[in-house]
Every structure is written in structure tokens, then in C-alpha cells.
1. Kindly establish whether ASP292 is open to solvent by less than 40 Å² (accessible area, probe 1.4 Å), assigned to a loop (DSSP other than H, G, I, E, B), among the acidic types (Asp, Glu) and on the phi < 0 side of the Ramachandran plot.
2. Any residue at all in the stretch 326-339 that's more than 28 Å from LEU262 (Cβ to Cβ) and in contact with a strand residue (DSSP E or B) (Cβ under 8 Å, 6 or more places away or on another chain)?
3. Mind listing just one residue for me: the one in the stretch 344-361 that is assigned to a loop (DSSP other than H, G, I, E, B) and in contact with a Phe, Trp or Tyr (Cβ under 9 Å, 6 or more places away or on another chain) and, of those, surrounded by the fewest Cβ atoms within 10 Å (Cβ to Cβ)?
4. Just one of the numbered conditions (1) closer than 30 Å to SER83 by Cβ; (2) free of Cβ contacts under 8 Å to residues at least 40 places away in the same chain; (3) touching a strand residue (DSSP E or B) at 6+ places or on another chain (Cβ under 9 Å); (4) open to solvent by 30 Å² or more (accessible area, probe 1.4 Å) is not true of ILE462; which one?
5. List every residue pair whose Cβ atoms sit under 6 Å apart, with the two residues 6 or more apart in sequence or on different chains, where the first one lies in the stretch 149-161 and is within 14 Å of VAL431 (Cα to Cα) and the second, anywhere, is open to solvent by 40 Å² or more (accessible area, probe 1.4 Å) and hydrophobic (A, V, I, L, M, F, W, C).
6. Taking GLN141, is it outside any strand (DSSP E or B) and surrounded by 11 or more Cβ atoms within 10 Å (Cβ to Cβ)?
7. Look at the stretch 424-441 and say how many of its residues are of a type in the set (Ser, Thr, Tyr) and either open to solvent by 30 Å² or more (accessible area, probe 1.4 Å) or in contact with an Asp or Glu (Cβ under 7 Å, 6 or more places away or on another chain) (or both).
8. Return the residues of the stretch 175-194 that are more than 27 Å from GLY135 (Cα to Cα) and either open to solvent by 60 Å² or more (accessible area, probe 1.4 Å) or not in a loop (DSSP other than H, G, I, E, B) (or both); say none if nothing qualifies.
Amino acid sequence: MPWPRPAIASRGPARRRAGPASRAPPPAGPARSPAGNAVRTPPRAGTRDARGTGPPPSSGRMPMSLFGSMTTAIAGLNAQARSLGHVSDNLANSQTVGFKRIDTNFQDLVTQSGPNLHAPGSVLARPTFTHSVQGTIEQSQNPLGMAIGGQGFFSVAQARGFVDGLPTFDDRQFFTRAGDFRMDRDGFLVNGANYFLQGWPVGDSGLVDRTTLEPVRVSQQVFNPIATSTIEIAANLPGVDPPATPADARTFSTQVQVYDTLGTRRAMTLTFSQTPGTPGPPRSWDMTISPDPVGGAVTIPIVFGVNGTVESFDGVTGVPGTPVEFPFLMDFGLGNQNIALNLGRFGVAQGLTQYAGTDFSLRNLQQNGVPPGAYAGLAIRDNGDVMVNYDNGQSRMIYRVPIVGFSDPDRLQRLDGAAFMRTIESGEAQVTDANSNGVGKLVVGALERSNVDIATEFTKLIVAQRAYTANTRVVTTSDEMMQETINMRR
């Protein structure tokens with residue numbers, strides 16, 4: 001049977017507003033149908049019926065779940081797209097020296113949640129940096145390549161222009177793990193991303209200046225000559241009885257090459273002749289130097305004691321253990337040159353000795369003069385010392401490469417070319433020597449590869465693809481259900 005339609009008040013001008021007296025009193029009982037059956041009135045939104053089965057009370061507006069599910073799924077699409085971008089960046093730079101991968105950290109956002117209600121929220125994809133995660137260190141054919149075994153960084157500079165053909169540098173500090181350094185045409189050490197390696201300069205005295213950092217540059221291509229100032233000799237003269245006459249004396253000579261103040265090599269001869277005397281110790285020898293020192297020829301008597309060591313030199317009996325030295329002047333046409341001849345120690349089997357034998361035995365003969373040298377190469381030691389090698393066999397330290405540490409290296413700002421900048425969150429830069437203060441050790445002739453693992457990134461790629469597809473299904477389903485809701489009015 002059709003339900004009775006309620007009466008509709010007239011909308012004409014004769015319509016009157018019903019006063020309080022005209023209002024019908026509320027029914028005493030429940031409404032009934034024409035058949036006399038009681039009619040149940042549906043509860044209003046936000047109230048419960050007598051049996052308590054109605055919807056729970058709400059203090060605010062109830063969000064529509066279809067819209068919520070759709071917006072949440074769209075946020076999931078954006079998050080997975082960012083995760084896919086991180087994976088793409090990692091795979092593209094899997095072979096980049098010093099590259100640090102970017103992981104993805106998903107964070108949920110809650111709009112409304114309680115004991116009886118949880119509305120769809122959202123999700124954010126934030127990058128998680130791995131600056132402190134070590135990459136694989138591999139040996140390199142580049143002798144100037146360096147890797148850091150630890151959490152430190154190289155201090156580098158960036159060129160911002162050129163003046164008179166030489167680069168000028170940005171005042172800001174930059175840091176990197178990319179140690180593929182090489183020498184450019186101006187003598188600077190530059191890595192593959194054109195960042196200039198910085199180091200502590202070393203003065204002429206060999207002291208490291210730790211108060212400043214500057215780009216490492218090899219500018220001195222010639223090693224200046226050093227004039228000879230010391231000659232050291234170690235030899236054994238045969239311990240035979242002295243001759244009866246000078247004609248029977250035995251004579252031995254040795255030659256040493258010395259250098260004048262211009263680095264020219266000069267030959268000097270030391271001659272030892274037996275002194276006639278009675279058989280048995282002590283035994284005496286005379287030493288001469290050729291060419292003659294300034295002031296004329298010299299003959300220096302050397303007396304050996306019963307133990308075969310020097311007992312007396314130049315007529316003076318020395319204290320055991322004190323050096324046996326003879327200072328003299330030589331003139332090679334460039335003025336007087338001071339030279340000290342060191343023959344060991346008194347009473348010690350060092351330098352000149354006289355033990356059993358039949359011939360002169362030279363054990364050591366060296367001098368400290370150096371000829372001029374040209375640049376022959378560059379080498380870096382494990383402690384960071386930058387050494388210039390010359391073709392005269394000499395080397396000179398010109399810089400020391402430090403390592404820079406941070407309290408939280410993962411908070412450094414990333415830049416192009418696998419470089420970083422300090423931030424407030426990362427802490428101050430701590431510049432220190434290699435293999436100290438926890439910054440790591442320096443591995444020379446090696447490179448640190450990217451810390452990206454391709455197999456792991458492919459796993460992330462598959463997971464991101466599946467999650468992205470699942471979120472698209474939620475969007476499609478929500479759209480279909482919303483369309484069904486709209487069609488209910490037709």
C-alpha cells in the first residue's frame with residue numbers, strides 16, 4: 001500500500017503563520033501506518049537509537065572516505081615517484097667516483113585518528129643521505145689518486161674566474177670524496193669534477209703551516225744545488241807492522257766527489273801512507289788531501305791504538321766517544337768553502353779502523369753536496385705529504401694534504417661533482433692529519449667508487465613499481481565508486 005503523502009501548505013498570499021495555539025500536540029506514541037503498525041523513525045545523524053545501534057556521536061564533520069582514499073593514493077603516487085627518482089639517480093651514478101647514494105625514507109601523515117575513527121592520511125618521501133657510508137676502494141694506475149678509508153673528506157676549492165691565466169678561487173669551502181686528482185697545465189691538482197685539492201703549505205725549513213689551506217700547486221721545477229759541507233768516511237787500513245824506511249811504506253788512496261756553490265762536481269783525493277816505525281802497536285798513518293786546501297798542503301798523523309781504533313788525530317789524543325773531525329777550507333774558484341771531514345770517533349770501531357788485513361777496505365764514503373736537479377715527478381705519501389722528486393735523486397715536501405671530519409657528515413649539503421658544503425646541522429669542519437682523530441686513513445694510488453649496489457637498487461625499483469601500480473588501482477576504484485554514488489540521483 002502506498003504511503004500517505006504529507007499535506008503541503010499553500011504558498012499563496014493567504015497563507016497564515018500558525019500560532020502556538022494552532023500547533024498540533026506531539027503524538028503520544030509512535031507513528032503508525034494505515035494498517036495500524038508502528039512506524040520506526042530513523043535516528044538523526046550523530047544520535048543513537050534506543051538500542052544504541054546508531055552511528056557514534058561526532059564532534060566535527062565526518063570526512064568522506066572516497067575523497068580521502070583518493071587523495072591518499074595520489075600522495076602515494078607522488079611518494080613512489082620520488083623514490084623512483086632516487087633509484088634512478090643512484091643507478092645513473094653507480095660508476096661515479098666518490099658518489100654517495102640516496103635512500104628513501106617514507107613518513108606518514110595522520111589527518112584524524114581515534115578509538116572509533118581513522119580517516120585516510122597521507123605519505124611523504126624524504127631523502128636519506130649516505131655520506132658516511134664507505135664505498136669500495138680500488139687500486140688505480142693514477143699515482144696521484146687518493147681514497148679515504150673512513151668518514152673524512154678532502155678539502156677542495158672551486159675556480160670562479162681567471163686572472164693573468166691563473167684561476168681565482170671561491171672563498172667558500174668545499175669538500176669531496178672524489179680523489180681522482182691529476183696535475184693540470186698550471187701545476188694544480190684537480191679532480192675529474194674540476195675541484196682543486198687543498199693542503200697545508202710547507203716552508204723552506206720543512207715546517208708545516210697548519211694555519212692556512214691553499215690549493216696544492218707544483219711551481220718550483222728546479223732543485224737548487226747545495227755545496228758540500230760534510231764528508232764522512234769509514235774504512236779499514238791493514239793492521240800490519242810499520243815499515244822500517246819511507247821507501248817501504250804502503251800507500252792507499254780514495255776519491256770523493258764534492259760540489260761547489262754552483263753545483264759543479266769536483267774531485268777530491270784522500271791519501272793514507274804508513275809511517276815508518278818499530279813493529280807492534282801503536283801504528284801510525286799520515287793523511288793528505290788533494291787538491292791542497294786553502295793555506296797549502298796538509299799532512300795529518302793518525303795513530304791507532306791496541307784495539308784498532310783511532311787513539312790520536314793530528315797530534316791530539318781524544319776522549320773516547322768524541323768525534324774525529326778535521327775542518328778545512330777549499331777554494332774552487334768561487335771563494336772559500338767550509339768542509340768538515342768526519343773520520344769516526346775516538347776509541348770506537350766507527351769510521352777509520354785498523355784491523356787485520358792486507359789491503360785497504362772502504363766501507364762508506366759520502367758527502368752532503370747536491371747538484372742542481374730538474375723536476376722528475378710528483379708523489380704523495382700515506383701521511384699526506386706531497387713530495388716533488390728531482391732527477392738528481394733528491395725530493396722536497398711542498399704540501400701536506402689534511403682530512404676534514406664532521407660531527408654529522410650525512411647532513412652536508414650536496415653539490416654538483418660529488419662535492420659538499422658545510423651546514424649548521426653537519427657541524428664545524430675539523431681539519432686534521434690523516435689517520436688521526438677518527439677521520440680515516442689516506443690510501444694513495446687508489447680511488448673510492450660509488451657506494452651504490454646495483455642489485456639492491458633493482459630491488460627498490462621493483463618495489464617502487466609495484467607500490468605505484470597499487471596506488472593507481474586505489475585511485476581508479478575510488479573514482480568508480482564515486483561515479484556510482486553520483487548515479488544514485490538518476
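1. No; evaluated as a whole, the condition is false for this residue.
2. Checked against the condition, which is being more than 28 Å from LEU262 (Cβ to Cβ) and in contact with a strand residue (DSSP E or B) (Cβ under 8 Å, 6 or more places away or on another chain), the stretch 326-339 yields no hits at all.
3. Restricting to residues being assigned to a loop (DSSP other than H, G, I, E, B) and in contact with a Phe, Trp or Tyr (Cβ under 9 Å, 6 or more places away or on another chain), the top hit is ASP359.
4. (3)
5. Matching pairs, first to second residue: SER155/LEU213.
6. Considered against the rule, which asks whether it is outside any strand (DSSP E or B) and surrounded by 11 or more Cβ atoms within 10 Å (Cβ to Cβ), GLN141 comes out as no.
7. The qualifying residues number 2.
8. Once the filter is applied, which keeps residues that are more than 27 Å from GLY135 (Cα to Cα) and either open to solvent by 60 Å² or more (accessible area, probe 1.4 Å) or not in a loop (DSSP other than H, G, I, E, B) (or both), the stretch 175-194 yields only ARG185.
The values are calculated or read from the model by the stated rules, or taken from the named source; none is laboratory data. Model, not experiment: these values are computed from the prediction. Counting neighbours? That spans all protein chains shown, and the Cβs are built from the backbone with ideal geometry, glycine included. Heavy atoms of the whole protein, side chains included, go into the accessibility calculation; ligands, DNA and RNA do not. Shrake-Rupley method; radii C 1.70, N 1.55, O 1.52, S 1.80 Å.
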